[in-house]
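The values are calculated or read from the model by the stated rules, or taken from the named source; none is laboratory data. Nothing here was measured: the structure is a model prediction, and the numbers come from that model. All Cβ positions, even for glycine, are placed from backbone atoms using ideal geometry, and neighbour counts span all protein chains on display.
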Amino acid sequence: IPQGTDLRAEIDRLRKERNAVILGHYYQSPEIQDLSDFVGDSLELSRKAAETDADVIAFCGVRFMAETAKILSPQKIVVLPDMDAGCSLEDSCPPAQFKAFREAHPDHIALSYINCSAEVKALSDIIVTSSSAEKILAQIPKEQKIIFGPDKHLGGYLKRKLGRDMLLWPGVCIVHEAFSETELLKLKVQHPGAPVAAHPECPPYIVDHADYVGSTSGILDFAKTMPGDTLIVATEPHIIHQMEKAVPHKNFIGAPGADGNCNCNICPYMALNTMEKLYLSLRDLQPRIEMDETLRLQAKKSLDRMLEMAS
Ligand code: 13P
Ligand code: SF4
């Protein structure tokens, strides 16, 4: 890239030239969020990917999200600025082991968090996101036995909240796992009365201190509507950018890790996407998500069920 290139202007030019839509997750850098055509949580981004009439989707998020876009919009070119943008939850659930787990429990259906590979989606009956999981679970008959993977914390939260017994896959998100209960309690003492909003990927010892638990979009809505003017935010701290834009007079504090600050809770996978790589992905239409058609169709079944049941 020539020195002095105005990346923002070049991305705008290429987006028009390619008839591309830029979809961004709340955990992306503020500059990427600000130039995205749409910023949302995993469910909203999946819906946008399914309904867009653009020729190209530039997905500023992680690989499982871009794969989901490709599964739902196969005729579109889907680029991911950095193909190494993975997810610890996906890594924790290798398809062969998940298949063996399923086969060991033939009387269970598999409900899987969207943070998994296309192969695991293909082995699952229904996909859920953090914003749709409760609604979807409520539609499954009580007597139906369920395997839930790969996030044991989201699964555990759903079990406790809805009183459902589910067999949990032992995966975790390394970002939400890094919050410290001791540091959170110190922060609560410093800000008496400030509510805590937490993502359900957090361990129970963090969720138990939360006044609101929900997806990134849910947490953002809570920030806008909550009484009071200070909120402690127990999820990836880049979402605070949207809160500060929406309600600039309020004070948002990222929940800390063991070192007392929230920098250790920046998602290292999301951070791989940069303005430079986004520009190059639109210029070269690479790196591109490609998928075997049999796998895509199999994975689409469980994603379609999510879209139906969440609507
Ligand atoms: P949501 O945006 O659906 O809440 O998901 C959060 C997340 O961790 C995505 O990787
Ligand atoms: Fe995966 Fe956690 Fe990063 Fe989300 S925040 S992409 S769940 S590692």
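Give the range 1-50 a look and list any residue that's among the acidic types (Asp, Glu) and at pLDDT below 95, or say none.
Across the range 1-50, there are no qualifying residues.
Looking at (1) among the charged types (D, E, K, R); (2) touching a Leu at 6+ places or on another chain (Cβ under 9 Å); (3) more than 12 Å from ligand 2 (Cβ to nearest atom), which is the only condition Asp41 fails?
Answer for Asp41: the failing condition is (3).
Out of the range 67-112, which residues are in contact (Cβ under 8 Å) with a residue 12 or more places away in the chain, part of a helix (DSSP H, G or I) and more than 12 Å from ligand 2 (Cβ to nearest atom)?
Glu67, Thr68, Ala69, Lys70, Ile71, Leu72, Pro95, Phe98, Lys99, Phe101, Arg102
For the range 46-66, what are the residues that are under 18 Å from Arg296 (Cβ atoms) and either among the small types (Gly, Ala, Ser) or within 16 Å of ligand 2 (Cβ to nearest atom) (or both)?
Ser46, Ala49, Ala50, Phe59, Arg63, Phe64, Met65, Ala66 - these are the residues of the range 46-66 that are under 18 Å from Arg296 (Cβ atoms) and either among the small types (Gly, Ala, Ser) or within 16 Å of ligand 2 (Cβ to nearest atom) (or both).
So which residues in the range 284-311 are among the aliphatic types (A, V, I, L, M) and assigned to a loop (DSSP other than H, G, I, E, B), if there are any at all?
Scanning the range 284-311 gives Leu285, Ile289, Met291.
From Ala104, Ala58, which residue is farther than 21 Å from Leu295 by Cα, surrounded by fewer than 22 Cβ atoms within 10 Å (Cβ to Cβ) and small (Gly, Ala, Ser)?
The match here is Ala104.
Under 7 Å between Cβ atoms, which residue pairs at least 6 apart in sequence (or on different chains) link something in the range 224-249 that is surrounded by 11 or more Cβ atoms within 10 Å (Cβ to Cβ) with a partner that is part of a helix (DSSP H, G or I) and of a type in the set (Val, Ile, Thr)?
Partner pairs satisfying both residue conditions: Val233/Ile219; Val233/Ile239; Val233/Ile240; Ala234/Ile206; Thr235/Thr216; Thr235/Ile219; Ile239/Thr216; Ile239/Ile219.
Just name the residue that is surrounded by the fewest Cβ atoms within 10 Å (Cβ to Cβ) out of those in the range 134-154 that are out of contact with any Cys (no Cβ under 8 Å at 6 or more places or on another chain) and either of a type in the set (Asp, Glu) or touching a residue at least 40 places away in the same chain (Cβ under 8 Å) (or both).
Glu143
List every residue pair whose Cβ atoms lie under 9 Å apart, where the two residues are 6 or more positions apart in sequence or sit on different chains, the first residue falls within the range 165-179 and is under 15 Å from Glu90 (Cβ atoms), and the second residue, located anywhere, is acidic (Asp, Glu) and surrounded by fewer than 18 Cβ atoms within 10 Å (Cβ to Cβ).
Every condition considered, the pairs that remain are Gly171/Asp91.
Among the candidates Lys159, Lys121, single out the residue that is within 22 Å of the chain's Cα centre (by Cα), assigned to a helix (DSSP H, G or I), under 25 Å from Tyr212 (Cα atoms) and not polar (S, T, N, Q).
It is Lys159.
List the number of the failed condition for Met306; all other conditions in (1) in the same structural domain as Ser124 (by TED's automatic domain parsing); (2) farther than 25 Å from Leu220 by Cα; (3) surrounded by 21 or more Cβ atoms within 10 Å (Cβ to Cβ) hold.
The failed condition is (2).
Within the range 227-246, is there a residue that is of a type in the set (Gly, Ala, Ser) and within 16 Å of Glu201 (Cβ to Cβ)?
Yes, the range 227-246 has at least one match.
Determine if the range 238-253 includes at least one residue that is assigned by TED's automatic domain parsing to the domain that holds Ala210, within 13 Å of Glu183 (Cα to Cα) and under 18 Å from the mean Cα position of the chain (by Cα).
Checking the range 238-253: not a single residue is assigned by TED's automatic domain parsing to the domain that holds Ala210, within 13 Å of Glu183 (Cα to Cα) and under 18 Å from the mean Cα position of the chain (by Cα).
The rows are residues; the columns are (1) among the acidic types (Asp, Glu); (2) in contact with a strand residue (DSSP E or B) (Cβ under 9 Å, 6 or more places away or on another chain).
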residue: Phe222; (1), (2): no, yes
residue: Ala246; (1), (2): no, no
residue: Asn251; (1), (2): no, yes
residue: Asn265; (1), (2): no, yes
residue: Ala271; (1), (2): no, no
residue: Lys277; (1), (2): no, no
residue: Asp292; (1), (2): yes, no
residue: Glu308; (1), (2): yes, no
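How about the range 116-135: which of its residues are within 16 Å of ligand 1 (Cβ to nearest atom) and among the acidic types (Asp, Glu)?
Selection gives Glu134 alone.
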